[in-house]
Amino acid sequence: MSTIQSKLLRIVIGINRKQQEYDEKMKCDAFKKWISSADQLRLSHQEFTLRSRLIAILKTSTRGNRTALEKDEIGKYISAYLPCVPSTISFTEMDQLCNDVDVIPSLGRSILFLQGDYGNVYYMIVRGRVGLYQESNKDREVVVVREFGHLRLKLYLDTDEDLHRLGSNIVTLKVVILYFH
């Protein structure tokens with residue numbers, strides 16, 4: 001074998017080795033991505049299952065008179081997926097929270113509450129977004145309640161431009177399913 005042939009053979013062997021190393025790395029990367037995707041899908045399915053169970057409990061049980069099992073399942077969801085509830089909450093507080101939580105069935109855009117409504121409800125945004133509007137004129141605030149009060153928890157069909165009649169949009173909070181009395 002000539003020197004040129006042996007050099008070419010070494011080059012080809014080197015290229016093959018590099019290609020095999022690259023192929024192995026790509027296989028490992030693909031496997032890691034597959035494992036990661038499977039884990040994400042599993043967690044997403046688990047969250048969906050827990051959320052579905054939570055909504056079923058909230059729709060079928062009586063707020064304020066839930067069983068220990070129902071409160072336990074609600075508590076698991078709250079602890080796992082609602083970081084706004086402090087981890088330092090006591091057992092008694094969590095028990096009361098799970099007994100008092102309720103679902104707001106909402107299709108599309110709706111008015112949940114209006115400026116001036118009683119402040120005895122705590123909302124947590126689990127899914128979707130909520131626009132908060134403020135009317136600075138107290139007389140106009142009363143007009144807004146008269147105009148929009150009958151629309152609470154009903155589908156709001158007017159356009160985004162019509163929302164200015166509620167007042168100035170001060171913030172839109174994102175990520176409404178649960179509320180507390």
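The values are calculated or read from the model by the stated rules, or taken from the named source; none is laboratory data. Remember, predicted model here, so these are calculated numbers, not experimental data. All Cβ positions, glycine included, derive from the backbone under ideal geometry; neighbour counts span all protein chains shown.
At a glance:
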{"quantity": "The listed residue being aliphatic (A, V, I, L, M), in the same structural domain as Val144 (by TED's automatic domain parsing) and surrounded by 12 or more Cβ atoms within 10 Å (Cβ to Cβ), out of Ile57, Ile78, Ile74, Ile111", "calculated": "Ile111"}
{"quantity": "Leu132 being surrounded by 13 or more Cβ atoms within 10 Å (Cβ to Cβ), assigned by TED's automatic domain parsing to the domain that holds Leu155 and either hydroxyl-bearing (Ser, Thr, Tyr) or in a loop (DSSP other than H, G, I, E, B) (or both)", "calculated": "no"}
{"quantity": "Where Glu47 falls short, out of the listed (1) farther than 30 Å from Ile170 by Cβ; (2) at pLDDT 90 or above; (3) in contact with a Phe, Trp or Tyr (Cβ under 8 Å, 6 or more places away or on another chain)", "calculated": "(2)"}
{"quantity": "Residue match in segment 52-65 (condition: assigned to a loop (DSSP other than H, G, I, E, B), touching a strand residue (DSSP E or B) at 6+ places or on another chain (Cβ under 9 Å) and modelled with pLDDT under 85)", "calculated": "no"}
{"quantity": "Selected residue (only one of Glu93, Glu47 is part of a helix (DSSP H, G or I) and farther than 17 Å from Tyr122 by Cβ)", "calculated": "Glu47"}
